[in-house]
Amino acid sequence: MDSNAQFVEWAVVRSDIGPLLLAATGQGLVNVVFHADEPVRDRAVRALAARFATEPTPAVPGGPGLLEEPIRQIEAYFDGTLREFTLPLDWSLSSGFNRQVLRELASGVPYGTVVGYGDLAGRVGQPGAAQAVGAAMGSNPLPVVVPCHRVVESRGGLGGFGGGLETKRHLLALEGVLPRPLF
């Protein structure tokens, strides 16, 4: 194994928005992938293997490991008992402006609130960079935990979302921003 390789552990967990792949390194949670059915899971694991120069290891179900706390917190978020993730995050899948925007989002947009793309651009000292903020949201390697679902259009539209608009609506309803569907 490459001496620069890093241990990566992954697991697929069930959630209200479908299966999520979680991956962690010794630095922290590094990746959350939506709609992690088998083909999506396999692509994500291959991408992690290429990026970290190591073969990612499946987590032992119910066992101690890098994902024990991330899985607990994701489950608590979806059952409504967790409003703020307190996980160490490995930001190595993000860099530059995107990382700056995502860090501001993670620390500055709390549960149950939303922010506009342009407002978030202003918060990182780049007023007028709303489109670049949209690109940063699309590149977010840690959705749900780094809450890109909380970024919306200034005129009230939902904007885009890598997990699909129904997933974004579901997450915003879970947080009380949107009404829950009647059926």
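The values are calculated or read from the model by the stated rules, or taken from the named source; none is laboratory data. Computed from a prediction, not measured in an experiment: that's the story for all the values here. A quick note on method: Cβ atoms are made from the backbone with ideal geometry, for glycine too, and the neighbour counts reach across all protein chains shown. Protein only, heavy atoms only, side chains kept; ligands, DNA and RNA dropped before computing areas. Shrake-Rupley method; radii C 1.70, N 1.55, O 1.52, S 1.80 Å.
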Item to complete: Mind telling me which of 70, 39, 110 comes out most flexible in a GNM of the chain, alpha-carbon contacts under 10 Å?
Response: 39
Item to complete: Determine ³J(HN,Hα), in whole Hz, for all residues of the stretch 108-114 in sequence, where each value follows from phi through the Karplus function 6.51 cos²θ - 1.76 cosθ + 1.60 and θ = phi - 60°; x replaces Gly and Pro.
Response: x, 10, x, 3, x, 10, 10
Item to complete: Report, to the nearest 10°, how far helix 68-78 tilts away from the longest principal axis of the Cα atoms in the chain, using its own Cα long axis and a range of 0 to 90°.
Response: 30
Worksheet entry | Label corresponding to Cα extents along the principal axes in Å when calculated from the structure given, among (1) 76, 38, 28; (2) 45, 41, 28; (3) 50, 40, 29 | (3)
Worksheet item: Amide H of residue 30: which non-local residues (sequence gap of 5 or more, or other chain) have their own amide H closer than 5 Å, using H built in the peptide plane?
Response: 23, 24, 25, 90
Worksheet item: Considering only the chain, what is the antiparallel percent among its DSSP beta bridges, to the nearest 5?
Response: 65
Worksheet item: Considering the chain as a Gaussian network with a 10 Å cut-off on Cα pairs, which listed residue, 136, 47, 59, attains the greatest mean-square fluctuation?
Response: 47
Response to the item:
Listed by chain and number, the residues whose amide H is under 5 Å from that of residue 15, excluding neighbours fewer than 5 places away on the same chain and using placed H, are 20
Discussion item. Tell me the carbon and sulfur percent of the accessible area for the stretch 65-110, rounded to whole percent, probe radius 1.4 Å.
Written reply: 47
Worksheet item: Hey, what do the phi angles of the stretch 93-101 turn into as Karplus ³J(HN,Hα) couplings, whole Hz, using 6.51/-1.76/1.60 and θ = phi - 60°, x for Gly and Pro?
Response: 8, 9, 8, x, 4, 4, 5, 4, 5
Worksheet entry | Selected from 66, 48, 87 as most flexible by GNM, with the chain as the system and alpha-carbon contacts under 10 Å | 87
Worksheet entry | Size of electric dipole in the stretch 1-118: Cβ of Lys, Arg +1 and of Asp, Glu -1, about Cα centre, debye, nearest 20 | 280
Discussion item. Run through the stretch 1-76 and list the chymotrypsin sites (Phe, Trp or Tyr not before Pro) located in a DSSP loop whose Cβ has at most 15 other Cβ atoms within 10 Å.
Written reply: 7
Response to the item:
At the level of C-alpha centres, the distance separating the stretch 138-183 and the stretch 7-50, in angstrom, is 20
Practice prompt. Send over a whole-number figure in Å² for the accessible area per residue of the chain, probe 1.4 Å.
Written response: 51
Discussion item. At most 16 other C-beta atoms within 10 Å and a DSSP loop state: those are the exposed GluC sites (Glu not before Pro) I care about. Give me the longest piece of the chain that has none.
Written reply: 1-83
Worksheet entry | Computed [θ] at 222 nm, helices only, for the chain once each DSSP H run of length n ≥ 4 contributes -39500 (n - 2.57) | -10500 deg cm²/dmol
